[in-house]
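A quick write-up on the structure given underneath.
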Amino acid sequence: MAQGNIVDAGDVLIVGAGLAGLFTALKLSPRPVTVLAGAPIGDGASSAWAQGGIAAAIEPGDTAESHAADTIAAGAGTVDEEAALSIAREAATRIEDLLRLGVPFDRDIEGKLAVGREAAHSHRRIVHVKGDQAGKAIMQALVAAVRACPSIRVMEGLSAYELAIENGRAAGVFARPAHAATAPQPLLIKARAVVLASGGVGQLFAVTTNPTQARGEGVAMAARAGAIIADPEFVQFHPTAIASTRDPAPLVTEALRGEGAILVNKAGQRFMTAIHEDAELGPRDIVARAIFREIASGRGAFLDARAALGTRFADAFPTVYENCRSLGIDPAREPIPVAPAAHYHMGGILVDARGRSTVEGLWACGEVASTGMHGANRLASNSLLEAIVFGARIAADIDGSVPEGRAGHDIAPPVIGSASSPDTPFVDQLRKIMASHVGVERDGSGLAHALTEIARLERAAGPASLFRNIATTAKLIAASAYAREESRGGHYRTDFTEPRAPWRHRTFVTLKEANRIAEAAIAALPAAQKEETQVSA
């Protein structure tokens with residue numbers, strides 16, 4: 001019940017209305033749940049844009065152990081092997097959940113689920129919907145189920161910006177109208193349990209496939225509350241976004257390469273065969289860097305599906321086809337210009353096997369969380385699987401550990417003010433800095449420069465600005481990338497081009513530790529490059 005600028009959600013509050021958030025809410029039914037959504041549910045979530053599908057070892061001859069082995073191999077030495085295997089073993093059960101919710105996965109002529117092949121998978125194990133519409137179809141089914149569920153209350157048009165903390169425990173969030181230019185009064189939404197399912201970080205970079213809401217604010221909220229953040233330096237850049245000025249950049253699903261599309265340069269030369277034994281189906285980080293270098297060299301990069309699909313393109317991959325046509329490209333007749341784009345964050349809030357963070361009362365799932373499954377480089381189509389597996393686990397854990405009742409009354413006031421929108425020129429500046437210095441290829445000098453610029457923007461915005469969340473997550477990524485003096489998976493440093501044995505482990509960092517790394521990096525810059533700066537606490 002609302003009282004002034006306080007809303008008592010009563011029991012469980014889920015921040016985020018993508019696949020992870022909505023699936024968790026449905027799994028908690030009939031327990032009372034409030035879902036907080038910045039946009040109408042079904043809009044603004046990366047899940048709805050997912051073109052690949054969900055990985056599951058359901059084909060005869062395939063096994064969860066094989067799926068886990070492929071996940072571990074793609075993760076470049078830092079995957080939590082127990083997490084990978086346990087998630088792979090739950091895949092078939094979670095697919096059945098989605099089928100019961102009405103998701104129309106593709107079937108073969110015998111009526112069995114059809115499975116496709118994607119990069120770095122040893123079997124055909126990706127379940128799709130109409131080729132490239134899995135995310136859209138899954139979200140449509142979940143939204144319909146949530147709308148029809150009497151135990152789920154949806155609060156749309158509100159964005160959380162700070163965790164409400166009561167005696168060291170998460171007890172709700174402070175929120176504001178998502179699209180208002182000003183909001184003088186913060187809104188406190190109280191709850192006994194908080195689940196962050198707020199999405200990824202793509203919009204911290206100038207070129208991304210992610211929606212505008214994917215600014216990493218959930219990671220920052222948790223970090224400022226003292227949570228441990230895992231593997232923030234590992235950002236996956238999808239190799240094949242359509243090269244254009246559109247923001248977000250339209251994605252060209254990896255499934256096209258699974259069906260035989262090849263990568264060529266302006267001269268029509270196929271370049272991946274000389275780089276990796278699996279050519280276009282090599283790990284995403286290797287393909288992304290190869291494309292990045294072709295573009296940097298002036299040779300350009302194009303995905304050519306003419307021989308593989310030809311006139312079947314529109315029917316086989318309608319989303320990609322329409323995106324191409326809207327940009328004046330006919331993919332059935334000409335190669336598609338492509339470029340890497342920030343796509344998925346392997347890092348995030350550290351959670352255990354039940355989805356619990358290191359802050360009491362706070363769970364996390366989906367892209368905002370780091371379960372250890374992805375390591376340094378996510379295997380294709382594992383993200384939606386991880387989201388639904390952990391949604392189910394969190395629901396079971398909350399049911400078994402959080403008694404129903406009301407949140408307390410000793411909640412600390414917010415640190416961040418909500419007087420103005422975070423959509424300032426600072427955001428555009430930050431995105432350019434991150435793309436230039438914390439992108440597909442990085443080096444120590446560039447990362448130190450990025451940390452200097454992030455600190456400058458933080459000071460200019462002020463400590464109570466909503467921009468602080470965006471800058472905080474950017475700092476966590478850049479500082480951890482600076483500290484990791486090697487190349488591994490999605491993290492590639494031109495000054496440390498090989499993996500190094502001492503770094504064959506995950507990163508676990510707090511905001512205080514990231515601040516110390518940033519201060520040291522800035523101090524180490526040559527005087528000619530250094531700006532007078534101070535890292536905010």
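The values are calculated or read from the model by the stated rules, or taken from the named source; none is laboratory data. Every value quoted in this text rests on a predicted model; they were computed, and no experiment measured them. Note that we place each Cβ from the backbone using ideal geometry, even for glycine, and neighbour counts take in every protein chain shown.
Would you be able to say whether some residue in the stretch 187-196 is part of a loop (DSSP other than H, G, I, E, B), at pLDDT 95 or above, aliphatic (A, V, I, L, M) and under 24 Å from the mean Cα position of the chain (by Cα)?
no
Spot the failing condition for residue 387; the list is (1) in a loop (DSSP other than H, G, I, E, B); (2) of a type in the set (Gly, Ala, Ser); (3) in contact with a Gly (Cβ under 6 Å, 6 or more places away or on another chain); (4) more than 24 Å from residue 177 (Cβ to Cβ), and only one is missed.
(1)
Mind listing just one residue for me: the one in the stretch 460-488 that is at pLDDT below 95 and either within 30 Å of residue 70 (Cα to Cα) or out of contact with any helix residue (DSSP H, G or I) (no Cβ under 9 Å at 6 or more places or on another chain) (or both) and, of those, surrounded by the fewest Cβ atoms within 10 Å (Cβ to Cβ)?
Ranking the qualifying residues of the stretch 460-488, first place goes to 463.
Name, by its number, the condition in (1) farther than 26 Å from residue 136 by Cα; (2) in a loop (DSSP other than H, G, I, E, B); (3) of a type in the set (Val, Ile, Thr) that does not hold for residue 253.
The failed condition is (1).
What are the residues in the stretch 328-371 that are in a helix (DSSP H, G or I) and small (Gly, Ala, Ser), if any?
Answer for the stretch 328-371, where residues must be in a helix (DSSP H, G or I) and small (Gly, Ala, Ser): just 366.
Can you name the residue in the stretch 49-91 that is of a type in the set (D, E, K, R) and under 22 Å from residue 487 (Cβ atoms) and, of all such residues, is surrounded by the fewest Cβ atoms within 10 Å (Cβ to Cβ)?
Of everything passing the filter in the stretch 49-91, 81 is surrounded by the fewest Cβ atoms within 10 Å (Cβ to Cβ).
If you go through the stretch 204-232, how many residues are part of a loop (DSSP other than H, G, I, E, B), among the aliphatic types (A, V, I, L, M) and over 22 Å from residue 457 (Cα atoms)?
2
Any residue in the stretch 364-391 that's over 19 Å from residue 233 (Cα atoms): show its pairings with residues that are assigned to a loop (DSSP other than H, G, I, E, B) and hydroxyl-bearing (Ser, Thr, Tyr) at Cβ separation under 9 Å, as long as the two are six or more apart or on different chains.
386/371; 389/371; 390/371
Please state which of the following conditions residue 323 fails to meet, knowing it meets all the rest: (1) closer than 27 Å to residue 205 by Cα; (2) outside the structural domain of residue 257 (by TED's automatic domain parsing); (3) polar (S, T, N, Q).
(2)
If I ask for residues that are buried (at least 21 other Cβ atoms within 10 Å of the Cβ) and either modelled with pLDDT under 95 or not in a helix (DSSP H, G or I) (or both), which ones from the stretch 507-523 would you list?
Answer for the stretch 507-523, where residues must be buried (at least 21 other Cβ atoms within 10 Å of the Cβ) and either modelled with pLDDT under 95 or not in a helix (DSSP H, G or I) (or both): 507, 509.
Which of the residues spanning the stretch 217-263 are hydroxyl-bearing (Ser, Thr, Tyr) and in contact with a Gly (Cβ under 6 Å, 6 or more places away or on another chain)?
The answer is 253, and nothing else.
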